[in-house]
Each structure stands twice: as C-alpha cells, then as structure tokens.
1. With each label point set 7 Å from Cα along the Cα-Cβ vector, what nm distance links Ala36 and Glu348?
2. Between rounded, prolate and oblate, where does the chain land on the alpha carbon gyration tensor, with a ≥ b ≥ c its root eigenvalues, rounded for a/c under 1.5, else prolate if a/b exceeds b/c?
3. Excluding same-chain pairs closer than 8 in sequence, count the lysine pairs in the chain whose Cα atoms lie under 23 Å apart.
4. Contour minus end-to-end for His144 and Asp182, with contour as 0.36 nm per residue of separation and end-to-end as the Cα-Cα distance?
5. With Cβ to Cβ distances under 14 Å as the rule, what net charge do the other residues near Trp210 carry (K, R +1; D, E -1)?
6. Divide by every residue of the chain the summed helix terms, -39500 (n - 2.57) for each DSSP H run of at least 4, and state the resulting mean residue ellipticity at 222 nm, rounded to the nearest 500 deg cm²/dmol.
7. Please identify which residues in region 139-183 have an amide N closer than 18 Å to a label point set 7 Å out from the Cα of Phe334, following the Cα→Cβ vector.
8. I'd like the distance separating the alpha-carbon centroids of region 275-290 and region 110-180, in whole Å.
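Throughout, read-outs are computed from the coordinates displayed, never taken from laboratory work. Everything numeric here is computed off the predicted structure, so don't read it as measured data. Virtual Cβ from ideal backbone geometry, glycine too; neighbours counted across all protein chains shown.
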Amino acid sequence: MGYNNQPNFWHLVFVSNAFVSNTAFDVPLHQSHSMAPAEIRDHKERIKSLLKERNAVLVAHYYTDDAIQSLAEETGGCVSDSLQMARFGNQHPADVLVVAGVRFMGETAKILNLEKRVLMPTLEATCSLDLGCPASEFSDFCDHHADRTVVVYANTSAAVKARSDWVVTSSNALAVVEHLMDQGDRIVWAPDRYLGSYIEKETGADMVMWDGSCVVHEEFKAQGVRDIKKVYPDAAVLVHPESPQSVIELADVVGSTSQLIDAARELPNSEFIVATDRGIFYKMRQMEPGKTFVEAPTAGEGATCHSCAHCPWMGMNALDNLEATLASSDNEVFVDPAIAVRAIVPLERMVQFSEGG
Ligand code: 13P
Ligand code: SF4
C-alpha cells in the first residue's frame, strides 16, 4: 500500500490497537427509517416549529437521510461536507446548532462555537476512524515521532485533535500537506490509511501513518468497479479518497463529498459510478435529475456488508430522534474545556487556511 517503513514501535502500536480494528467494532445495524409520507410531513412541520422556538438551525451531512437533508434546506440550514459543516455554525446567528451527522461533527461544531448549544439527534453516532484512534495511544505515537508535524483528519475525537498541529478534511488535505511540504515539514498522519496513502502518493510527502479505515469506503472493490464499468462504459467514476488505492486508481475524480457533487454537475458525462455513501445521491439527483447515478459495488471477496455503501452511524439520524432532541434539548454535545482550548487551535488553523487566510 505504499506505507512508509515503520519503526518497531509502530508494530507495537498496531498490535495494541488490534482490539479496535474494524472487524471488532460494534457496528450498529442499519437503521430503517421507512415512514409514510404523511408521517414525514408531520414530523417535518413539528421540527420546523421547534427550530424556530429554540432559535436553532439544522446542520446536516450529505450522508444523512433524504428527509433530513431536505429539512435542512427548507429551514435555511446547511447540507454539506464536513469542512463546510464546521464553518457554518460560525457564520450563523442561531443560538443552537443541531448537527445531523456523527459525533466528531458535533464536537467540532461545539469547539468552534463554544457560546452555542450543540445538539445531535443521537450521541451514539460515531465513526470507525474515530473509534480506531484512541487519544492516549495516538499521543504515544506522536511522542515517538516528535520531530514531525501532526496532521489529523477531522474524523477524530476532540482529544486527538487537541494533540495535533493541523486538522484537515478530505476537501483540503492535499492543499494543507503541500503547504507543509513547502515548509520542509515531515508528517504524522492519522487516522485513515487510505486517505493518507492517497495524499502521500499525490504529494510525495514524508508521512508516517496511523492504521485506521472507514468501514464504508474500504468495502468498495476495484473488480466490482471494473465490472460495472462494462455495463456503463461512458460513466465517469467518482471516488471518495477514504476508498482503497485500487479503487482510487480507477477514478476520474477523487474528492470530498462536495467535490464529488461538483464533479457530477460539471462533467459532461450523463452516467456516474459513485464510490461513497449512497446518501450523496439525494443531492446529486436533485442537482442533475437527468443524469444516472450508480453505486459502486461493495460485494465480492472480503466484503462484510457492515456498511454496503451506507454509514451505519450516519443512518442513526432520523426525523423522530431529531424531533425528540429538539423537544427535550437532550443529546447536548459537551467537550472538556481543557481539551477544547487545545483542539480549537488546529481547527481554526484549518478554517483560516480554507478561507485563504
Ligand atoms: P467529507 O468531508 O468529504 O464530507 O467526508 C466526511 C466523511 O465522513 C466521509 O466518510
Ligand atoms: Fe466515518 Fe466512514 Fe461513516 Fe464517514 S462514512 S462517518 S468515515 S464510518
């Protein structure tokens, strides 16, 4: 996979980290949110009133249910990738941010908006990258590479961010690493090994990597993409960089969720094979109703169907728990102030960098 040679210590980290390997995760079953149209409409109306009453705004990721994404759009909220979700709260006057996504997104919103309340439909929605990178072991890993700049993906806990120099998302990771290379920095990268390998290959940066992965994206299969390409020979292949290198190699465009949506709009192709969570089809089909979007296959050798192109944790967000959260103001996100005060430094660095500052 093109990883750097790791010192013996790395093997110790890897072994000690085995208990949090993806196969050991207690991955929730897919949540089924099938509701009759009238039920959806009633939930939405009640949620709209509650958002107004609480002076709250909904900030949703592209992987959440269509109903949640449309509600965010209808109420002046935000549906976006993780970078824009992080930036949105700052720019909005609401007192309460309701983050429909996974826990690291809620924590990031809280750290960047300490004066605001941040609620989530559920606090149980996590991420395999976050789970696979415990702060204390990561801190030991960084200590072992003390001469390197620590760059962590946004899909991490607040405590891991607090140990970093830079936070990045898939929207800006390449640009940040190029910037650091220009300064002559060598890098500790965590936690996603696929995204890290992609950046290492694109930039030639000197990176040592944590061994994490996304349970959704690592299941896309290169052979499956080649097979489906025979059915849709003119399709452009859009790939999120959390996917394996063999899948990335088949891509016409590699990018964050928002970059893939832009590509679906801008490319002249009328068919697309998409290797990311299927929640993204809501926005792609809304923007390009005349185009055909097909899921990249996850089946084949090694597939576990833990994810099958839908993040089980993103799938825990639903209209009923969103309404209950707003009604009760439960599920508030809190971040230890001692951690927040350190995590805000690399987070603000990322926001300023992405704003050209
Ligand atoms: P984006 O930043 O591209 O939205 O990705 C977030 C994520 O969790 C992808 O799995
Ligand atoms: Fe984490 Fe993967 Fe889910 Fe994104 S899709 S939140 S990286 S588990």
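1. It is 5.2 nm.
2. It comes out oblate by the Cα gyration axes.
3. 16
4. 11.3 nm
5. After counting each charged neighbour, the total is -4.
6. The per-residue figure over the chain is -12500 deg cm²/dmol.
7. 158-159
8. 28 Å
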